[in-house]
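Read the figures in this text as sums done on the coordinates, not as results from a lab. Predicted model only: the values in this text are computed from it and were never measured. FYI the Cβ positions are ideal-geometry reconstructions off the backbone, even for glycines, and counts take in every protein chain you see.
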Amino acid sequence: MREPDCIFCRIVAGEIPCTRLFEDEQVLAFMDIGPIIKGHALVIPKAHYDPITAVPPAVLAPLLTAVQRVARAQQVGLGAEGINVIQNNGAVAGQAVKHVHFHVIPRFAADGHHWNWNPKAYRDEIELQTFAERLRQALATP
Ligand code: AMP
Ligand code: ZN
């Protein structure tokens, strides 16, 4: 499965260069050209899927295994003290390339990076439970 205008499909096909880290039948890991922290890598399925909810479990499993491998390589090879694994879906969530990808970002105590993580609060316990119930109902519907 491939989308003609998809930049990551074109990378998989070798039409656009990338700095490859490893690949197997289903998965490709390569360097992000715009690293949040140097060593930032991307892990993608070779087949085109988007968003995350469209990825079959049989593809998701090797994808996440590859994410773990890259994270270990960042620990061993770069001395990463922490790792961020990020996966954006939809423009509103900050996704620019519409082919499922996991960002694997090595973190260091002195890297100077801060996420704009801005936690909110539920109005009250009832509001929290209302959200949870809507999710539980959706989860119960296959
Ligand atoms: P997202 O915003 O989650 O869609 O992230 C897309 C990521 O793809 C960004 O971090 C880009 O730096 C990266 N990217 C875009 N084009 C390339 C490319 N040709 N090679 C490597 N990374 C790329
Ligand atoms: Zn694609």
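Tabulated data
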read-out	value
Per principal axis, descending, Cα span of the chain in whole Å	51, 41, 24
Angle in degrees between helix 57-78 and the longest Cα principal axis of the chain, rounded to the nearest 10	70
Listed residues 72, 107, 123, most fluctuating in the chain (Gaussian network, C-alpha, under 10 Å)	123
Free-standing Cys residues across the chain, given no other cysteine C-beta under 4.7 angstrom	18
Helix 125-140 vs. the chain, principal-axis angle (Cα, 0 to 90°, nearest 10)	60
Segment 1-48: C-alpha gyration tensor shape, a/c 1.5 cut-off, then a/b vs b/c	prolate
